[in-house]
1. Residues in the range 1-18 that are of a type in the set (A, V, I, L, M) and free of Cβ contacts under 8 Å to residues at least 24 places away in the same chain: how many?
2. Please list, ordered by first then second residue, the pairs with beta carbon atoms under 6 Å, 6 or more apart or interchain, first in the range 66-83 and over 14 Å from ALA53 (Cα atoms) and among the basic types (Lys, Arg), second crowded, with 22+ Cβ neighbours inside 10 Å and at pLDDT below 95.
3. Within the range 100-107, is even one residue in a helix (DSSP H, G or I) and at pLDDT below 65?
4. Does GLY160 satisfy the criteria of being free of Cβ contacts under 8 Å to residues at least 24 places away in the same chain, in a helix (DSSP H, G or I) and more than 21 Å from SER27 (Cβ to Cβ)?
5. Within the range 147-154, is even one residue surrounded by fewer than 15 Cβ atoms within 10 Å (Cβ to Cβ), assigned to a loop (DSSP other than H, G, I, E, B) and not polar (S, T, N, Q)?
6. When you scan the range 35-75, how many residues do you find that are out of contact with any Pro (no Cβ under 9 Å at 6 or more places or on another chain) and more than 18 Å from ALA118 (Cα to Cα)?
7. I'd like the full set of residues that are more than 11 Å from LEU173 (Cβ to Cβ), among the hydrophobic types (A, V, I, L, M, F, W, C) and within 14 Å of the chain's Cα centre (by Cα), limited to the range 114-138.
Amino acid sequence: MPPKTDKELLDSFVATGDGAAFAELVSRYTPMVYRACRRLLGNDHDAEDATQAAFVVLARKAGTLRQEGRLNGWLHRVARLVALEALRRRSGRERQQEQAAMWQEGLAEDLSEAEREAVFSHVDAELDGLSAILREAIVLRYLRGFSEQAAAAAAGCPLGTMKRRASEGLAKLRARLSKRGIALSGVALASLLTSEASAAIPETLLPSILATVKTAVATTATATGATSTAAMLAK
């Protein structure tokens with residue numbers, strides 16, 4: 001039996017509160033969401049809180065997201081928004097200003113770890129500025145590491161359409177980054193994005209997300225610890 005689509009899982013969760021269906025969505029998307037939060041926040045603890053918050057938002061908004069193939073870009077945007085909120089709560093815009101100061105015209109493609117993190121803070125911001133369709137293609141092909149065939153199937157479009165969307169999205173992302181003084185070839189940008197698809201995530205993150213979402217959905221009362229932080233960010 002083929003795996004259920006995102007839409008089928010969302011339908012089941014919305015209709016019956018199917019915890020297993022929601023857990024499958026969490027399993028599918030946690031790596032991408034966590035890495036997006038980690039790139040902006042720069043440490044595991046804050047990234048875990050923001051990731052939990054993103055899935056609290058998904059649980060609350062599931063009823064409006066029952067359109068297959070649009071969850072990738074939507075969750076990337078939510079991840080960035082909750083991470084930005086966490087960043088504002090932690091240190092305002094100081095980190096963003098420090099990262100922006102690192103860049104000059106004609107960025108070299110041989111990046112240090114610090115430069116790599118700074119690039120990604122801008123990548124996520126500019127990715128958010130693409131159309132929903134192009135953002136979805138970039139997330140599927142590069143940030144989640146899907147093959148062209150798998151990405152096309154997930155987006156519900158022909159293979160040729162996915163190839164075009166991914167190529168156009170990458171070109172527009174490069175153009176947007178170049179305006180920030182970040183000059184990368186298409187191959188270098190694709191390689192940089194793809195490297196995120198295999199980055200490790202904390203082993204305890206998935207169960208903590210499910211526990212946080214269960215608490216947040218069941219009650220509006222503020223809990224303690226990480227749950228409290230996630231609930232505040234989700235607002």
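1. Residues that pass the stated criteria total 3.
2. As it stands, the answer is ARG66/LEU10, since those pairs meet every condition given.
3. Scanning the range 100-107 turns up at least one residue that is in a helix (DSSP H, G or I) and at pLDDT below 65.
4. yes
5. No, the conditions are met nowhere in the range 147-154.
6. Residues in the range 35-75 being out of contact with any Pro (no Cβ under 9 Å at 6 or more places or on another chain) and more than 18 Å from ALA118 (Cα to Cα): 28 in total.
7. Result: PHE120, ALA132.
Conditions tested, residue by residue: (1) more than 27 Å from GLY181 (Cβ to Cβ); (2) not charged (D, E, K, R).
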position: GLU126; (1), (2): no, no
position: GLY129; (1), (2): no, yes
position: ILE133; (1), (2): yes, yes
position: VAL139; (1), (2): no, yes
position: LEU143; (1), (2): no, yes
position: ALA155; (1), (2): yes, yes
position: MET162; (1), (2): yes, yes
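The values are calculated or read from the model by the stated rules, or taken from the named source; none is laboratory data. What you are looking at is a predicted structure, and each value in this text was computed from that prediction instead of being measured. Every residue, glycine among them, receives a Cβ derived from its backbone with ideal geometry; neighbour counts consider all protein chains shown.
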